[in-house]
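**Student:** Encoded as structure tokens, here's the structure I'll be asking about.
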Amino acid sequence: MKAAAASYDLIVVGAGIVGAACADAASADGLRVAIVEPGPIGGGATAAAMGHLVAMDDDPAELALSRYSLQQWEAFADLKEAEFSRCGTLWVARGDAELAAASTRATRLAAAGVEAHVLDANTLYELEPALAPGMSGGMLVPREAVVYPPRVARYLVQRAQSRGAQLYAGRRVNALPRGGAQLDDGSTLSGPVLVATGCALPALLPQLPMRGRKGHLVITERYPNLLRHQLLELGYADSAHGDADSSVAFNVQPRPTGQILIGSSREFSATDAAVSPAMLQRMLERCFAFIPTLRQLQAVRAWTGFRPTTPDGRPYLGAVPGGTNQWVAAGHEGLGVTTALGSARLLLDLIQGREPAIDPTPYAPSRMAA
Amino acid sequence: MTERYDVLIVGAGPAGLAAAQTAASRGARVGLIDAQARAGGQVWRHDVRRTAPRAAREAIAALRSVELLTNHQVVAAEPSALRVETQQGSSLLSYTSLILATGARELLLPFPGWTLPGVTGAGGMQALVKQGWPIAGKRVVIAGSGPLLLAAAATLRAHGARLQGIYEQAPVARVHAFARQLLRWPARATQAVALRAQLAGVPYRFGTFVRSAHGEAALRTVDIEGPHGTTRLDCDLLAVGYGLVPNVELAQLLGCATVQRSAHPQVQVDPSLRTSVAGIYAAGEANGIGGLAVARLEGAIAGHMAVGDTAAANLLLPRRDKARGFAELLATHFSLDPRLHQLADAQTLICRCEDVTLGELDGFSDARAAKLATRCGMGACQGRICGTVLAELGRFSRSGSRPPLFPARLATLAGAATFPLPTISTEVADHE
């Protein structure tokens, strides 16, 4: 005799920060939620991420989603598990052209309600004396912060569980039969499904293209007060949004522990998770050009991760094209931690038939079916 | 800057020294890497006071045509090459054959008070003292398991320590059974008798272990659990070691398979010491704890194999197998009392790098999940201590290591041949 399938209002597949945020939002809405995760909670891109909460403004849709999410992150500012540190983001300009770009960006951010100031070179060096000579100035976004993503994901899953959500830990969803999800132990869960499996999306939803974009990070021993802000070069967006097969950018973060977290690299064609000495070298040289003293710091660990990347760089948030009662939240590239909370809220509004706070059209998965 | 070697050997202890001498005698260009300032490894570590054993002096003297690369720390693996760091810079050492003679480290077990200043590993304290750390007049308790406790005790006493006793966890009947078996290895028996003579007058108790250590800022007393109850001893220092664990981190970084015969992995080798990666061999403790005689024989076997002389290597296999038998004997007779796994309580620190207690690790059955949630094992030691402890306690096995193998300058990871002069102020660097 076959046991009746467990029934839920929403089956969240994947407990990275996006899936965890969706499960949390759904349970807050009073839905009966299942969460299925084969590995550790927040063990994929979430674990590899820098945890920088940042408004990216070069795409209006991305700006709308990141700004919306950043507002929600404020609710976590005092949460111990989040390890929230409001260090602010300092964008560094090399040359007058970049400084002019900083001015344009500050205006754009301000228009979206994100506080941002253009800095001259003197102010820049007052804020970060370790920067190499010759910088032209920069832009400070003072309210931005860094968090520790895997613990936040865990917190969100536990909060959902405290509202009755059921965690299927160590279980994998093998298939999405009509009306539910089939697990690797042969059991079936019935109910609407939300797929939040990041880079693994094509295994369940092959109609939605996704590539893993490899990144490297290095963390050092503790050097408190060496740096005070999350630092990025203004050219970062060229690396993040460019189509080059591989690129690096200066992206360095002081952790609340005093450790320095150093990135970033992007590679499309690399598929193995091993640390590449050549890419690490290129990334570090880029960072040394901005902070020469980094050369002397002791590195304790280097690792890689894969950013789930859609063809147009925007996440899939909405109904699965051609599916019934199937939803997707995946493909946030390097911005999944920043935008997880807003993505979850947006998706729950769509699922519950409410009008979302921001326009969902740019993220609609149906754009791929066209 | 890349240097090319026919045979590159990591670790200049007895196994690495034998491998280097063997390969060099066949005309190969041999590089022998060690992180320490002198060759010898742990067992033959240079002692500032005492002359090295004759075997050690001979092994080091035999290195004439070997390039001895001391003060070289291996930090990362690249294709057919290792990145090494020195005080001055870094370089890439490429190889045709690689021999891993990475040895072993001490097994530490947590108990309340084990992180107090004044508590160290037995081998760790022996190493410090050999390097000149002042111990004269200090009251020292030695505890743990195995014959290495006697070697540590002898060193400490020769440097003027006042030994309060040696507390062996194995019960007296098993230690006596071991002693009877020693007759099959006359050299070992002689060694044991000589060690015991050096320790005349020092209490050597069996079936006893340290239950807890106490003190405010530093160690003052230890509680010893024995067949007749608990005894409190005053002391200045406690040296406690429960045997050895193979160092397999470099092998893992290179992609060599490991096997698990105990709670801890060892490098998987065939009888001729080939690892699962072509051109890479492993010798000595890394392949499973076997002691000095095994290390020297396996070093020679690996040295022959690395230059392609399988026949010469085969000649040594029977002697190696017999020597490995002695190691089995040790493992059987000094197996750990299960009560030792229950000493730590919920408040006992397990990960010293990140201050994680045993209680915080309750409910985790996977090293990675525990690490992501608590940071256990994320510190500079990359779980060498806490990961090994948790595996020994039966919580979960250690997660794989990541580069760098040991903390290394960012300049090294960037491939810099020379380091810039330090400009970073120590005020910033050393401030916690």
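**Student:** Keeping to the stretch B:40-62, report how many residues are assigned to a loop (DSSP other than H, G, I, E, B) and open to solvent by less than 30 Å² (accessible area, probe 1.4 Å).
**Tutor:** Qualifying residue count for the region: 4.
**Student:** Among residues belonging to the stretch A:33-61 that are part of a helix (DSSP H, G or I) and in contact with a helix residue (DSSP H, G or I) (Cβ under 7 Å, 6 or more places away or on another chain), point out the one that is nearest to A:Gly331 (Cα to Cα).
**Tutor:** Only one residue tops the list, namely A:Ala45.
**Student:** Could I ask something else about it? Could you tell me which residue of the stretch A:247-272 is nearest to the other protein chains (Cβ to nearest Cβ), considering only residues that are surrounded by fewer than 20 Cβ atoms within 10 Å (Cβ to Cβ) and either in contact with a helix residue (DSSP H, G or I) (Cβ under 9 Å, 6 or more places away or on another chain) or farther than 21 Å from A:Tyr148 by Cβ (or both)?
**Tutor:** Once the filter is applied, the top-ranked residue is A:Asp272.
Rundown of residues vs (1) part of a strand (DSSP E or B); (2) away from every other protein chain (no Cβ under 14 Å); (3) open to solvent by less than 40 Å² (accessible area, probe 1.4 Å), yes/no style:
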{"residue": "B:Arg64", "(1), (2), (3)": "no, yes, no"}
{"residue": "B:Leu68", "(1), (2), (3)": "yes, yes, no"}
{"residue": "B:Asn71", "(1), (2), (3)": "no, yes, no"}
{"residue": "B:Val74", "(1), (2), (3)": "yes, no, yes"}
{"residue": "B:Leu93", "(1), (2), (3)": "yes, no, yes"}
{"residue": "B:Ile99", "(1), (2), (3)": "yes, yes, yes"}
{"residue": "B:Arg105", "(1), (2), (3)": "yes, yes, no"}
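**Student:** Of the conditions (1) away from chain B (no Cβ under 14 Å); (2) outside any loop (DSSP other than H, G, I, E, B), A:Gly30 fails just one. Which one is it?
**Tutor:** (2)
**Student:** Could you list, in sequence order, all residues of the stretch A:217-235 that are away from chain B (no Cβ under 14 Å) and either touching a Cys at 6+ places or on another chain (Cβ under 8 Å) or surrounded by 22 or more Cβ atoms within 10 Å (Cβ to Cβ) (or both)?
**Tutor:** A:His229, A:Gln230, A:Leu231, A:Leu232, A:Glu233, A:Leu234
The rows are residues; the columns are (1) of a type in the set (Phe, Trp, Tyr); (2) within 30 Å of A:Arg228 (Cα to Cα); (3) within 14 Å of chain B (Cβ to nearest Cβ).
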| position | (1), (2), (3) |
| --- | --- |
| A:Ala112 | no, yes, no |
| A:Glu128 | no, yes, yes |
| A:Val141 | no, yes, no |
| A:Glu144 | no, yes, no |
| A:Leu167 | no, no, yes |
| A:Gly191 | no, no, no |
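Let's see how each residue does on (1) at pLDDT 95 or above; (2) in contact with a helix residue (DSSP H, G or I) (Cβ under 6 Å, 6 or more places away or on another chain); (3) assigned to a helix (DSSP H, G or I); (4) more than 9 Å from chain A (Cβ to nearest Cβ):
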| residue | (1), (2), (3), (4) |
| --- | --- |
| B:Glu360 | yes, yes, yes, yes |
| B:Gly377 | no, yes, no, yes |
| B:Gly383 | no, no, no, yes |
| B:Thr418 | no, no, no, yes |
| B:Val428 | no, no, yes, no |
| B:Glu432 | no, no, no, no |
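**Student:** Based on this model, can you work out whether A:Val36 counts as under 23 Å from the mean Cα position of the chain (by Cα), open to solvent by less than 40 Å² (accessible area, probe 1.4 Å), closer than 17 Å to A:Leu234 by Cα and at pLDDT 95 or above?
**Tutor:** no
**Student:** Shifting gears a bit: Determine which single condition B:Thr332 fails, assuming it passes every other condition in (1) surrounded by 14 or more Cβ atoms within 10 Å (Cβ to Cβ); (2) modelled with pLDDT under 95; (3) closer than 19 Å to B:Glu106 by Cα.
**Tutor:** (1)
**Student:** Please count how many residues of the stretch A:273-316 are within 7 Å of chain B (Cβ to nearest Cβ), open to solvent by 30 Å² or more (accessible area, probe 1.4 Å) and of a type in the set (Phe, Trp, Tyr).
**Tutor:** The total comes to 0.
**Student:** Moving on. Every residue in the stretch B:206-229 that is over 30 Å from B:Ala177 (Cβ atoms) and either in contact with a Pro (Cβ under 8 Å, 6 or more places away or on another chain) or not charged (D, E, K, R) (or both), please.
**Tutor:** Residues satisfying the conditions are B:Ala213, B:His214, B:Gly215, B:Ala217, B:Ala218, B:Leu219, B:Thr221.
**Student:** Which residues, counting only those in the stretch A:296-340, are small (Gly, Ala, Ser) and part of a helix (DSSP H, G or I)?
**Tutor:** Matches in the stretch A:296-340: A:Gly334, A:Gly336, A:Ala340.
The values are calculated or read from the model by the stated rules, or taken from the named source; none is laboratory data. The structure displayed is predicted, hence computed values, not measured ones. Heads up, the Cβs are rebuilt from the backbone with ideal geometry, glycines too, and the neighbour counts pull from every protein chain shown. These area figures cover heavy atoms from the full protein model, side chains too; ligands, DNA and RNA do not enter into them. Shrake-Rupley method; radii C 1.70, N 1.55, O 1.52, S 1.80 Å.
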